[in-house]
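The values are calculated or read from the model by the stated rules, or taken from the named source; none is laboratory data. Just so it is clear, the structure is predicted and the values come from calculations on it, not from any experiment. As a convention, Cβ positions derive from the backbone with ideal geometry for all residues, glycine included, and neighbour counts pool all protein chains shown.
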Amino acid sequence: MQPSQHSDVGTVLLQTSGLTKSFRGLVALRDHSITLYKREILGVIGPNGSGKSTFFNLITGFSKPNSGEIKFRNQSIIGSATSRIVELGIARTFQGSRLFASLTVTENVLVAAQLRHPVGPLNAVLRGKQYQSRQSAAQDITTKLLAFMGLGSQAERLAADLPYGDQRRLEIARALATEPQLLLLDEPAAGLDSHETKVLVGLIRSIRDTFGITVVVVEHDMDLIMTVCERIQVLATGEVICVGTPDEVRRHPRVREAYLGHE
Ligand SMILES: Nc1ncnc2c1ncn2[C@@H]1O[C@H](COP(=O)(O)OP(=O)(O)OP(=O)(O)O)[C@@H](O)[C@H]1O
Ligand SMILES: [Mg+2]
């Protein structure tokens, strides 16, 4: 199934095929394949240890597959450095927080925005016109993203001092500041209360609609997944057991088996 409503519907953004990763004999992901389309929201679910974060780690170059292929915009990204993959347009958040705790909220986002608007050490020293314009472009994006994520009033606080829910949204703001075409969210609702989760659902939709990007959400929160995702891929012990619409996945016998542990 492909998402509808937009002109670039059906355009492939990323494709994995035969992707396998093992750690000392344990197969974390086996023969994984998925095709991601532009502007879709895909959910990835599966019990603990089923390979969801491994899938993200492989796409973002944090870990190298033993075999298989990953193509982003029709170009292989296997073996590319994580920094190159960000430049190409893939951003992620992590299951555990990786904010710069001692930087302010603004600074956390600004460092990411500077990837697209690099000032460079020489420019930073000379502080010429190019420095001014790049710095103000990065600042502009940062301000807009903080407002978009509901963090405008927290801009000058230290990241470490933010309430937990705000920290999670700051991580998403920081990922968006790299201006990705593909955003990978690893358990963005973990630790959020039901109100914060509801806000997050609205934000995920809004991110896709506003920026026109593809979003992949790994989550254990089934309500969130079923509400926000157009397609869902289910993993169990490293294997893809099905891909389909929320309804198809809900009805799939192997999904029940994977979660309940019996036929
Ligand atoms: N760096 C690593 N070294 C050794 N084993 C690893 C490593 N990373 C992942 N694994 C193993 O690979 C399997 C898949 O892990 P992964 O983190 O992808 O699961 P997950 O689906 O994200 O689980 P969770 O829902 O708990 O986050 C697990 O058995 C895990 O212990
Ligand atoms: Mg994980």
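Quick check on my filter: what residues within the range 185-197 are within 16 Å of ligand 1 (Cβ to nearest atom), of a type outside the set (Gly, Ala, Ser) and more than 14 Å from residue 170 (Cβ to Cβ)?
The answer is 186, 187.
Residue pairs, Cβ under 6 Å, 6 or more apart or interchain, first in the range 66-78 and touching a residue at least 24 places away in the same chain (Cβ under 8 Å), second in a loop (DSSP other than H, G, I, E, B). List them.
Qualifying pairs under 6 Å: 70/77; 70/78.
Can you find even one residue in the range 190-200 that is among the aliphatic types (A, V, I, L, M), over 15 Å from residue 42 (Cα atoms) and either assigned by TED's automatic domain parsing to the domain that holds residue 115 or in a loop (DSSP other than H, G, I, E, B) (or both)?
Yes, the conditions are met somewhere in the range 190-200.
Tell me which residues, restricted to the range 119-162, are closer than 27 Å to residue 199 by Cβ, surrounded by 12 or more Cβ atoms within 10 Å (Cβ to Cβ) and not hydrophobic (A, V, I, L, M, F, W, C).
Selection gives 139, 140, 142, 143, 144, 150, 152, 154, 157, 161.
With the requirement that a residue be crowded, with 23+ Cβ neighbours inside 10 Å and either more than 10 Å from ligand 2 (Cβ to nearest atom) or outside the structural domain of residue 68 (by TED's automatic domain parsing) (or both), what does the range 43-56 give you?
43, 45
Residues to consider are 182, 200; find the one that is more than 16 Å from ligand 1 (Cβ to nearest atom), buried (at least 16 other Cβ atoms within 10 Å of the Cβ) and under 16 Å from residue 95 (Cβ atoms).
Matching residue, one of 182, 200: 200.
Output the number of the condition that residue 114 fails; it satisfies all remaining conditions of (1) in contact with a helix residue (DSSP H, G or I) (Cβ under 7 Å, 6 or more places away or on another chain); (2) within 16 Å of ligand 2 (Cβ to nearest atom).
In the conditions (1) in contact with a helix residue (DSSP H, G or I) (Cβ under 7 Å, 6 or more places away or on another chain); (2) within 16 Å of ligand 2 (Cβ to nearest atom), residue 114 misses (2) alone.
Do we find a residue being of a type in the set (Gly, Ala, Ser), assigned by TED's automatic domain parsing to the domain that holds residue 47 and under 16 Å from residue 187 (Cα atoms) anywhere in the range 204-227?
no
Please verify whether residue 17 is small (Gly, Ala, Ser), away from ligand 1 (no atom under 16 Å from the Cβ) and surrounded by fewer than 22 Cβ atoms within 10 Å (Cβ to Cβ), treating the condition exactly as stated.
Answer is yes for this residue.
Give the residue, chosen from 81, 137, that is aliphatic (A, V, I, L, M) and not assigned by TED's automatic domain parsing to the domain that holds residue 193.
Just a single option satisfies the conditions, and that option is 137.
Among the residues of the range 62-118, count how many are surrounded by 15 or more Cβ atoms within 10 Å (Cβ to Cβ) and at positive phi.
Number satisfying all stated conditions: 3.
Tell me which of these residue 216 doesn't satisfy, since it passes every other one: (1) out of contact with any helix residue (DSSP H, G or I) (no Cβ under 7 Å at 6 or more places or on another chain); (2) buried (at least 16 other Cβ atoms within 10 Å of the Cβ); (3) assigned to a helix (DSSP H, G or I).
(3)
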